[in-house]
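What follows is a set of notes on a single structure, which appears directly below.
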Amino acid sequence: MKNTLKLWLYYRLSRDEDKELNSLNNQRAILLDYAERNGYVVVGESFDDNITGMHFQRQGIDELQEAAEKRLMDAVLVKDLSRLGRHKTMTAIFIENLRLHKVKVISVTENIDTSDENDELIIGFKQLLNDQYSRDISRKIRWGFKQKQKEGIVIVAPFGYKKDKNTNTVEVVEECAEIVHLIFKLYTNGMGIRKIAARLNEQGYKSPAYYQKQHYNKSVPFNKTKIGKQYIWSEKSVVNILTNEAYAGTLR
């Protein structure tokens, strides 16, 4: 009797993709359908939402890696290899690491199996295309930002302000403005950067990341440290405020 292949499902969506075409639910449905049609057993799954594939510091990837180390599955099932990652070198290393744990990767829509030597060439080609696609998107976004800035359009309002998406106007957030005023006051009174950060934390002021989450629902990336996710002020955060020319009326 042939052993049934044990699968781990992995799916990912980044912020710059077609959310209808590559939605997490759509990807998961494709993977489950593939497993059912082939009589495979799904032993677990993980995913990453709104996360780039250009790095592997992702919660879903960590869960996948842990499962591989425990030998819970025979294969990782993805919609396509770009779901696993877009950085060609890092993706290749990750696939090789899975191979060391006797785990292969199966790409449903591309009909690719990393354990098949005949697929090696097409895998390398796909990784190159995925890497180039991500870098091209990044370049286009950066140039778009630069053009809007030249036109005097505020894209991301500096800390202390909030952009109204409906009216495209920038409004002062009094609670945040109070913190900015305090930072400049302490600095002009001779207090050092480190002491300013300590004072803000002692008095319970939240960092800019906290207000990004409140106003724009922007979470702290997975590649940030645990301290960074606690919305604590750091010396770098204070320096960013003091050196931001927007507070002097200059938009860059």
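Quick notes on this one:
- Each residue of region 197-209 is assigned a 3J(HN,Hα), and the resulting list reads 4, 5, 4, 4, 5, 4, 8, x, 6, 7, 6, x, 4 Hz, derived from the Karplus form 6.51 cos²θ - 1.76 cosθ + 1.60 (θ = phi - 60°), x at Gly and Pro.
- Stretch gain in nm, segment GLU96-ALA177, where the contour uses 0.36 nm per residue and the Cα spacing is subtracted: 24.2 nm
- Among the listed pairs LYS79/LYS102; LYS88/LYS206; LYS102/LYS236; LYS6/LYS88; LYS79/LYS213; LYS88/LYS163, those beyond 32 Å (Cα-Cα): LYS88/LYS206; LYS102/LYS236; LYS88/LYS163
- Positive contributions from Lys and Arg (+1) and negative ones from Asp and Glu (-1), summed over other residues with Cβ under 11 Å from the Cβ of VAL172, come out at -3.
- Taking other Cβ atoms within 10 Å as a rough exposure proxy, ARG83, ARG199, ARG15 sort from fewest to most as ARG15, ARG199, ARG83.
Laboratory data are not the source of any read-out in this text; all were calculated from the coordinates shown. Everything numeric here is computed off the predicted structure, so don't read it as measured data. All Cβ positions, glycine included, derive from the backbone under ideal geometry; neighbour counts span all protein chains shown.
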